[in-house]
Amino acid sequence: MKDGQPAANLKQVRVAIAQSAPVYLDKQASLAKALDLIELAAKRGARLVAFGETWLPGYPAWLDVVSGRSAVGKRSREKCLRQAQV
């Protein structure tokens, strides 16, 4: 980079970061939301859209405090595991 200008052989690419929550425990709805966010970013000129590493399956932090032995905890963990499979 010289004088604030990129080198002639480099191409500028607009990148977007998705800062939006997924639809927790609903993989299909999360995929639909991701596609909407990607389309919006593309309309604004983005060529690449980045999502957090656990965005699609979501990261249910509440599972860390819900006992896996309880009925609610067991059902929740099972649903999370099913939804996390991509």
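Only residues that are assigned to a loop (DSSP other than H, G, I, E, B) and at pLDDT 80 or above were counted across segment 43-79, and they come to 10.
Kindly provide the set of residues from segment 28-52 that are under 11 Å from the mean Cα position of the chain (by Cα) and not hydrophobic (A, V, I, L, M, F, W, C), ordered by number.
Taking segment 28-52 first, the residues under 11 Å from the mean Cα position of the chain (by Cα) are 30-31, 33-35, 37-38, 49-52.
Across segment 28-52, the qualifying residues are Ser30, Lys33, Gly52.
Checked against (1) part of a loop (DSSP other than H, G, I, E, B); (2) at pLDDT 85 or above; (3) not β-branched (Val, Ile, Thr), Leu40 meets all criteria but (1).
The values are calculated or read from the model by the stated rules, or taken from the named source; none is laboratory data. None of these values were measured; they are calculated from a predicted model.
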